[in-house]
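Engineer: After the structure tokens below, expect a handful of questions from me.
Every read-out reported here was derived from the displayed coordinates using simple, explicitly stated rules and does not represent laboratory data. Note that the coordinates shown come from a computational prediction; the quantities given were computed from them, not determined experimentally. Note: ideal-geometry Cβ built from the backbone for every residue, glycine included; neighbour counts use all protein chains shown.
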Amino acid sequence: MGSKGVSRRQFLKYAGATAALLGLSEAMVPEIARALEELASGKPPVIWIQGQNCTGCSVSFLNTNYPMVTELVLDKLSVRYQPNVMAAAGDVATKVIEDTMKDLSGKYVLVVEGPIPTKENGRYCTFGLEDKMVPFLNGRQRREDKPIEAWMNELVPGAAAIIANGNCASFGGIPAANESVTGTTRVIDYVAKIDKSKPVINIGGCPSHPDWFIGTILDYLINKKVPDLDQHNRPKAFFGQLIHENCERRASFDAGLFLEDWNDNDPDLKLCMFKMGCKGPVTYADCPIRRWNSKVNWCVGANAPCHGCAEPAFYKNLSPLYEPLPDIHFAGISALPDTLGWIAAGATAAGIGGHYLYKQLGKKEEGGEE
Ligand code: FSX
Ligand code: SF4
């Protein structure tokens with residue numbers, strides 16, 4: 001790192017930022033610095049490809065609060081292929097993937113953004129070219145486009161681990177909504193068709209939070225094992241608590257103070273947006289604590305209901321975005337304060353509907369997320 005003009009002091013700042021990202025105490029900084037030094041010299045290879053996505057997750061990553069950590073991940077950890085930031089293009093770029101598969105089989109981390117379309121022989125999403133020639137205009141020929149499906153078939157067997165970055169890659173997200181016409185397949189399902197034992201880490205979010213992605217990849221590389229995951233293969237460190245548990249408007253929810261008309265949306269009142277479609281009660285993510293854009297704000301803080309983008313049920317089963325779910329229940333939330341809050345709210349709770357109250361009381365024991 002010295003050759004890039006990075007001083008020891010700056011390097012320790014990298015380590016401090018990494019500790020903050022992973023939610024670790026400052027006491028861990030020397031240990032993280034040592035691990036990062038080892039990583040930088042070993043250059044763990046990462047191949048980062050994109051399927052059916054809008055590139056929002058990569059843009060989110062590049063907007064991280066920790067630009068030095070981004071540099072570390074992109075440069076020092078040897079990201080060999082990343083379509084949005086790499087200088088190379090065409091065969092020169094894809095040759096890097098081929099060389100990595102050949103030379104570093106079993107060692108590289110495969111990052112996939114967006115799910116895999118499988119209909120029409122995968123032709124809905126391609127990058128790079130096959131060796132095969134196909135007919136083109138005026139009797140000429142051209143090389144066939146290479147589907148991401150074909151890349152996955154080649155890349156998955158040699159990957160040490162796979163990170164599905166963003167809701168689309170992890171759970172199908174937007175491309176899987178409304179009966180996907182492209183045969184959208186979640187990364188974890190596609191990988192299972194090739195090798196069921198291959199570890200897949202899902203990072204929800206549309207887009208994923210840069211901390212969730214960088215924190216997960218560094219955690220994996222530093223500790224040399226897959227981090228603790230929940231039932232949907234999401235790292236517990238970032239997806240362990242409900243939005244609703246930590247929401248700054250939770251007191252309004254408990255008191256039955258709900259926003260019912262967007263024209264009354266005075267942010268100072270901090271009215272709960274449950275009746276306007278907030279999916280915070282069924283969404284596991286640390287947005288209220290971590291916040292977005294250098295900790296400036298988050299959806300509810302900006303007067304927008306949580307859309308549940310970290311959840312497997314997003315988008316299809318958590319929409320319409322601005323309507324409450326008909327069968328929402330409150331499993332996983334400490335039931336007693338909710339129950340007391342709702343009963344104390346009286347007429348307001350009745351206004352939401354006995355249906356919800358019934359579900360809440362009836363399902364408080366169940367656990368689970370959807
Ligand atoms: Fe999906 Fe991500 Fe939303 Fe976009 O990689 S999670 S549409 S922000 O870019 O895939
Ligand atoms: Fe916050 Fe939404 Fe829960 Fe209301 S329903 S307290 S706005 S997370």
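Engineer: Apply 1/(1 + (r/R0)^6) to the Cβ-Cβ distance of Asn223 and Asn138, taking R0 = 51 Å, and write down the FRET efficiency to the nearest 0.05. Could the numbers behind the result be given before it?
Structural biologist: Values: r = 57 Å, r/R0 = 1.12.
After rounding to 0.05, the efficiency reads 0.35.
Engineer: Considering the zone a paramagnetic label at Lys107 would reach in this model (a point 7 Å from Cα along the Cα-to-Cβ line), which residues of the range 149-168 have amide N under 18 Å from it?
Structural biologist: What the label zone holds, given the 18 Å backbone N cut-off, is 155-162.
Engineer: Using the Cα atoms of the range 100-164 to build a convex hull, what is its mean projected area in square nanometres?
Structural biologist: Details: hull surface 20.5 nm².
With every direction weighted equally, the projected area is 5.1 nm².
Engineer: Under a crude label model (7 Å from the Cα following the beta-carbon direction), how far is Ala251 from Asp264 in nanometres?
Structural biologist: Here the modelled spin labels are 1.9 nm apart.
Engineer: Stretched out fully, how many nm does the piece from Gln231 to Asp131 gain, at 0.36 nm a residue minus the Cα gap? Could you put the intermediate results ahead of the total?
Structural biologist: Numbers: separation 100, 0.36 × 100 = 36.00 nm, distance 4.09 nm.
Contour length minus Cα-Cα distance gives 31.9 nm.
Engineer: Over all directions, what mean area does the Cα convex hull of the range 214-266 project, stated in square nanometres?
Structural biologist: Values: hull surface 23.5 nm².
Its average projected convex-hull area is 5.9 nm².
Engineer: Please report Rg over Rh for the range 150-289, where both radii come from the alpha carbon positions and Rh follows the Kirkwood definition.
Structural biologist: Working: Rg = 18.4 Å, Rh = 17.1 Å.
Rg divided by Rh gives 1.07.
Engineer: A further question on this structure: Once all Cα-Cα distances of the range 43-238 are split into 10 Å bins that start at 0, what whole-number percent is in each one?
Structural biologist: Going from the shortest bin to the longest, the percentages are 9, 37, 38, 13, 3, 0.
Engineer: Related question: Beta carbons within 10 angstrom, averaged per residue: use that to sort the peptides 227-233, 259-265, highest first.
Structural biologist: On the way: 227-233: 14.9, 259-265: 11.4.
Ranked from most to least packed, the peptides come out as 227-233, 259-265.
Engineer: In addition: How are the Cα pair distances of the range 98-138 distributed, in percent, across 5 Å bins from 0?
Structural biologist: The percentages, shortest bin first, are 5, 13, 15, 21, 21, 15, 6, 3, 1, 0.
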